[in-house]
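Below: one structure, written as structure tokens.
FYI, it's all coordinate maths here, none of it is from the lab. All values reported here derive from a predicted model rather than from experimental measurement. Virtual Cβ from ideal backbone geometry, glycine too; neighbours counted across all protein chains shown.
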Amino acid sequence: MEMLNVLKAISEENRMKILNLLLKHNYCVRALSTELNISEAAVSQHIKVLKEAGLLKGEKKGHYMHYDVNREVLNELAKQIEEMASIKKETCKHKKEDCKA
């Protein structure tokens, strides 16, 4: 998983809303469009970005594709962020006079 691609994918407001909806229920494009009050074309474009980042998976049910969150990717992202947050700061080893603004 490329963390930067995942972060870029969820940095857009509607994509974050789609992700939050899909964490609770599986939806098709039409249902997401209705929930978010945006066009089906816009939802499809957002889904494309989320799928490319590995955040979504789809399952065909009848004529419609229903989407679900790939929680493994979300958990991996959370793990990487937690690892970053736990990095201990070291004391600066430079001389004070070298650090002038």
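Numbers for the structure displayed
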item	result
Segments 49-57, 61-69 sorted - mean Cβ within 10 Å per residue, highest first	49-57, 61-69
Within-15-Å neighbourhood charge of K57 [Cβ basis; K, R +1; D, E -1]	0
Around V69: net Lys/Arg minus Asp/Glu count, Cβ-Cβ under 14 Å	+2
Label-to-label distance, nm, for residues given as C92 and S44 (7 Å Cα→Cβ offset)	5.4 nm
Cut-off 17 Å (backbone N to label point 7 Å along Cα→Cβ of L4), residues of the stretch 47-74	53-54
Calculated FRET efficiency for the pair E12/A85, C-beta based, R₀ 25 Å, to 0.05	0.60
Least to most buried among V29, V43 (fewest other Cβ within 10 Å first)	V29, V43
